[in-house]
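Everything below concerns the one structure shown next.
No lab work stands behind these numbers, since they all come straight from the coordinates. Quick caveat, the model's predicted, so the values are computed rather than measured. So basically every Cβ, Gly included, is an ideal-geometry build from the backbone, and we count neighbours across all protein chains shown.
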Amino acid sequence: MEITFLGTGTSHGIPVITCDCHVCRSENPKNRRTRSSLWVRHGKTSLLIDTATEFRLQAVKADLRHVDGVLYTHCHADHVFGFDDLRVFSKLNGKSIPVYGNEPTINELRDVFSYVFRKTQEGGGKPQVETIVAEEPFWVQGLLVQPVPVFHGVLPIFGYRIGKLAYITDCSYVPSSSIDLLQDLEVLILGVIRYEPHPTHMNVEQALDLARRLKAKRTYFTHISHLLEHEAVSKALPEGVFLAYDGLTVQV
């Protein structure tokens, strides 16, 4: 399996509008972060986790050519506002793209993008999708996907496990039942926003504690704010833990 971090930033993206901090003004391309999304490939199967605000630009840069399914973590703007650009892939596929999430996510997605699910004039076209409320493990084109319930503050959202890979972003608490789903990982991806505590996201210390507990062979931090400079933070991380960056491709 091969994964590409299409984006690794928080909801603001980096550079943040109007910000003059050293990270936002950095010339290091690893400090330039679009909103977080992941592309997963296994054989001919191509999955997305979230469709970030800059999804069109991310897809063009990564040369993404087809999508067999989308796994949504939750329905916040930075994770879903690239949804309309799925229309290119549903047209190429000649069929609806299945999109998965928990019940609150799917209900809100259908509300936010209501024009997709009701009869309208076509204009430039609409994405053809099939919304699926996921509760148990499910298969997408030969890949077994395990939803991993976690909490974003008080909001119940999903992380996902696919084989030896797990992706958990926008998370402040992982219940013990989900810890059991995250054993024996090769690659663990965690959303980590900053060093200081945050009410709805893990900070660096919390993420490192979770990484030590789960003992994945490699852990990557994503959903990174402008409070974390790539080179400085990377040097301070323990062995086997890395800051991801836009365009990073990893073998699992």
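Take the residues of the range 83-114 that are out of contact with any helix residue (DSSP H, G or I) (no Cβ under 7 Å at 6 or more places or on another chain) and polar (S, T, N, Q): which is surrounded by the fewest Cβ atoms within 10 Å (Cβ to Cβ)? Checking each candidate, the answer is 114.
Let me confirm something: among 122, 130, which residue is farther than 18 Å from residue 223 by Cβ, without any contact (Cβ under 8 Å) to a residue 24 or more places away in the chain and either assigned to a helix (DSSP H, G or I) or over 19 Å from the mean Cα position of the chain (by Cα) (or both)? 122 is the lone residue from the list that is farther than 18 Å from residue 223 by Cβ, without any contact (Cβ under 8 Å) to a residue 24 or more places away in the chain and either assigned to a helix (DSSP H, G or I) or over 19 Å from the mean Cα position of the chain (by Cα) (or both).
Residue check: is residue 167 among the aromatic types (Phe, Trp, Tyr), in contact with a Lys or Arg (Cβ under 9 Å, 6 or more places away or on another chain) and either buried (at least 21 other Cβ atoms within 10 Å of the Cβ) or more than 15 Å from residue 106 (Cα to Cα) (or both)? Answer is yes for this residue.
Return yes when residue 52 is part of a helix (DSSP H, G or I), crowded, with 22+ Cβ neighbours inside 10 Å and not basic (Lys, Arg) and no when it is not.
On the way: part of a helix (DSSP H, G or I): no; crowded, with 22+ Cβ neighbours inside 10 Å: yes; not basic (Lys, Arg): yes.
Against the criterion (part of a helix (DSSP H, G or I), crowded, with 22+ Cβ neighbours inside 10 Å and not basic (Lys, Arg)), residue 52 does not qualify.
Looking at the range 200-252, the strands (runs of 3 or more DSSP E) lying wholly inside it that each contain 1 or more residues that are within 17 Å of the chain's Cα centre (by Cα) and of a type in the set (Val, Ile, Thr) sit at 218-222, 249-251.
Of all the residues that make up the range 200-252, how many are among the small types (Gly, Ala, Ser), farther than 16 Å from residue 6 by Cα and buried (at least 20 other Cβ atoms within 10 Å of the Cβ)?
Here is the first cut: in the range 200-252, the ones among the small types (Gly, Ala, Ser) are 207, 211, 216, 225, 232, 234, 236, 240, 244, 247.
Filter once more, so that each one left must be farther than 16 Å from residue 6 by Cα: 207, 211, 216, 232, 234, 236, 240.
Cutting the leftovers down to buried (at least 20 other Cβ atoms within 10 Å of the Cβ) gives us 207, 211, 216.
The total comes to 3.
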